Amino acid sequence: MKPLLYLSDVVTLALDPALCNGCRMCTVVCPHDVIAMADKRAQIIHRDRCMECGACEMNCPTGALKVTSGVGCAAGIITGYINKTEPTCGCSSSGSACC
Amino acid sequence: MKTNQKPGFIAGSLETRAGMVPLVTSHWSFRDYLGTWKVRSSFGRDAYKVNPGLYAIGSPGPESDVFVSANYKLSFDVLRRGLEGISGWILVLDTRGVNVWCAAGKGTFGTRELANRIKSSGLEKVVQHRRLIVPQLGATGVSAHEVKAISGFSVRYGPVKATDIRQFIADGYKTSGNMRTVTFTLKERAKLIPNDFVYGKYYLLSALAVVVVLSGLYPWGYSLTKTADEGIRAGLNVLAGYAAGIIVAPLLLPLIPFRSFSLKGFVTGILAVILLSVFRLTGTSITEMISWFFMITAVSSFVMMNFTGSSTYTSLSGVRKEMKIAIPFQISFASAGLIIFLISNFTSK
């Protein structure tokens, strides 16, 4: 199935190949196939598929990946704006209808 | 649901070196199905929880796998069902009743809670190995190398969906590309609609109240008869705009042009206006029709923009960029629509 794509050229994902140790962890945790291995180094192959979830940065042991992660959720951004906090999921509890 | 009563999914208990561990079944009872239906339809959304801690499934031993989950009961239930025929341990983290992905985003399904839960559950005594299987979507909150450093347990990320666990194990604990990728199929989108429809209820009710009340306004006073006569049609139009944004646009998502959600909602809003006009519901005067065009597209666009939170592929940077452009438009459209609506109201007999 063709992946759904959001706006192009907006995400903050950045990779410093010099720091990559080739552990492949980022390719395992990425839910949108954004990163692949090339010559034993991570490489961003589908940048516009990134949803800035932050899993790659979280699991990169050498700090080669950086991304400003957060909820890609308009309601969350509005809530954050009103409460003067970071964008926060409005969901009081559960459900996958949540960010 | 009260968590202090013994829930139906607990079949007994198992003695381990860390004490008694509740033994759960992979079977779903009527109550489990009912509970799932309730949270999906948003009747009983809050406090659908299980107690955090260690559980056993099948007849596990000290070498059996440990599967980590959240204490949202639906997350736990889906894992239980995915483990049918497999013996293992389930370590439930306290995510305050939130599912794995959301909780990982908030950090409650995270490195610290995992490390603490390993300690408090006595897992080190229960199993001899030092391996954990964490659902891949938990990786947003869990740092595998930090968990290893703190607890000595190595994290292996399992598939996104619990239904793939059996295949994941058969493949030597490796996830294939499909198992790792998050989809957003028609069925997955359809499941979200009941909750999302209810989620925006205050926006909907306020918008309904405004147009219904304004329907009765005359230049020289107020008529309740007019409210009754025209308020229903006005309310129906707002409801149609809401439905265009929260039902039609999410269902047709990939088929609607534009990547921005607010534009997708604008498109389905236009479709709603056309459909309503065919049935003469947008009024007979051209001014009123124009007013409904503005109001309905504004509502649909705004509501669909909020669906970014339910989608599985929008980024924070993208949504911010979209909102910067869309919100001024939505406010202008809604205001223009209301003003023209009043003008049309005042000029009609």
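Every number in this text was worked out from the coordinates using simple rules, so none of it is lab data. Since the structure is predicted, the reported quantities are computational estimates derived from the model, not experimental observations. Cβ atoms come from the backbone with ideal geometry, glycine included; neighbour counts cover every protein chain shown.
Within the set of other residues whose C-beta is less than 9 Å from the C-beta of B:N71, count the net charge using Lys and Arg as +1 and Asp and Glu as -1.
For residues surrounding B:N71, the net value is +2.
Mind scanning B:K38/B:K174; A:K66/B:K191; A:K84/B:K201; A:K40/B:K191 and naming the pairs with a C-alpha gap bigger than 30 Å?
Among B:K38/B:K174; A:K66/B:K191; A:K84/B:K201; A:K40/B:K191, the Cα-Cα distance tops 30 Å for B:K38/B:K174; A:K66/B:K191; A:K40/B:K191.
What are the extents of the Cα atoms of the range B:186-347 along their three principal axes, listed from largest to smallest and rounded to whole Å?
51, 28, 28
Just report the Cα centroid separation between the range B:168-245 and the range B:84-105, whole Å.
30 Å
Restricting to bridges with both residues inside the protein assembly as shown, how much of the DSSP beta-bridge set is antiparallel, in percent to the nearest 5?
60 percent
Just tell me which lysines come within less than 18 Å, Cα to Cα, of B:K148; anything on the same chain fewer than 8 places away is out.
Leaving aside lysines fewer than 8 places away in the same chain, those within reach of B:K148 are B:K119, B:K125.
Against the longest alpha carbon principal axis of chain B, how many degrees, from 0 to 90 and to the nearest 10, is the axis of helix B:286-306 turned?
Between helix and principal axis, roughly 10 degrees.
Distance from the Cα centre of the range A:14-38 to that of the range B:308-329, in angstrom?
26 Å
In deg cm²/dmol and to the nearest 500, what is the mean residue ellipticity at 222 nm of chain B if only DSSP H runs of at least 4 residues count, each as -39500 (n - 2.57), divided by the residue total?
-16500 deg cm²/dmol
Take the range B:205-297, compute every pairwise Cα distance, and split them into 10 Å bins from 0; I just need the percent in each bin.
17, 44, 28, 9, 2
If you average the alpha carbon positions of the range A:41-69 and of the range B:248-305, how far apart do those two centres end up, in angstrom?
The range A:41-69 and the range B:248-305 have Cα centres separated by 37 Å.
Looking only at other chains, what is the average number of their beta-carbon atoms within 10 angstrom of each beta-carbon in B:187-194?
Taking all residues of B:187-194 together, the mean is 1.
To the nearest 20 Debye, how big is the dipole of the range A:14-83 about its Cα centre, given +1 on the beta carbon of each Lys and Arg and -1 on that of each Asp and Glu?
Rounded to the nearest 20 debye, it is 120 debye.
What are the ³J(HN,Hα) values, in whole Hz, obtained from phi via the Karplus relation 6.51 cos²θ - 1.76 cosθ + 1.60 with θ = phi - 60°, for each residue of the range B:145-156 in sequence order, with x given for Gly and Pro?
5, 6, 4, 4, 5, 7, 10, x, 8, 9, 9, 10
Please compute the net charge surrounding B:D32, taking Lys and Arg as +1 and Asp and Glu as -1 over other residues with Cβ under 10 Å from its Cβ.
Charge balance in the 10 Å sphere: +3.
Roughly what % of DSSP beta bridges within chain B run antiparallel, to the nearest 5?
Once the DSSP bridges in chain B are tallied, antiparallel ones form about 50 percent.
³J(HN,Hα) across the range B:188-201 via Karplus (A = 6.51, B = -1.76, C = 1.60, θ = phi - 60°), whole Hz, x for Gly/Pro?
With the stated coefficients, the range B:188-201 comes to 5, 5, 4, 4, 7, 4, x, 5, 5, 4, 6, 4, x, 4 Hz.
Tilt of helix B:73-82 relative to the longest C-alpha principal axis of chain B, in degrees (0 to 90, nearest 10)?
Taking Cα atoms only, the helix is inclined about 60 degrees.
Compute the Rg to Rh ratio over chain B from the alpha carbon atoms, using the Kirkwood formula for Rh, and round to two decimal places.
Expressed as Rg/Rh, it is 1.12.
Convex hull volume of the Cα atoms in the range B:10-180, per residue, in Å³?
Output value, Cα hull per residue: 107 Å³.
Which order do the peptides B:150-161, B:29-40, B:323-334, B:97-108 take when ranked by the mean count of other beta-carbon atoms within 10 Å per residue, highest first?
B:97-108, B:150-161, B:323-334, B:29-40
Normalised by the residues of the range B:186-347, what does the relative contact order come to in percent, with Cα pairs under 8 Å and at least six apart?
Value for the range B:186-347: 25 percent.
Can you tell me the 0 to 90 degree angle between the C-alpha axis of helix A:74-83 and the longest principal axis of chain A, rounded to 10?
Here the helix axis deviates by roughly 60 degrees.
Using the Cα atoms of the range B:141-254 to build a convex hull, what is its mean projected area in square nanometres?
Taking a quarter of the hull surface, the average projection is 12.1 nm².
In terms of Cα to Cα distance under 15 Å, which aspartates and glutamates are near enough to B:K49, apart from those fewer than 8 places away along the same chain?
Here the aspartates and glutamates satisfying the reach criterion relative to B:K49 are B:D32, B:D77, B:D94.
Quick check: net charge around B:G85, other residues with Cβ under 15 Å of its Cβ, Lys/Arg +1 and Asp/Glu -1?
Counting the neighbours of B:G85, the net charge comes to 0.
Counting DSSP beta bridges with both partners in the range B:10-180, what percentage is antiparallel, nearest 5?
45 percent
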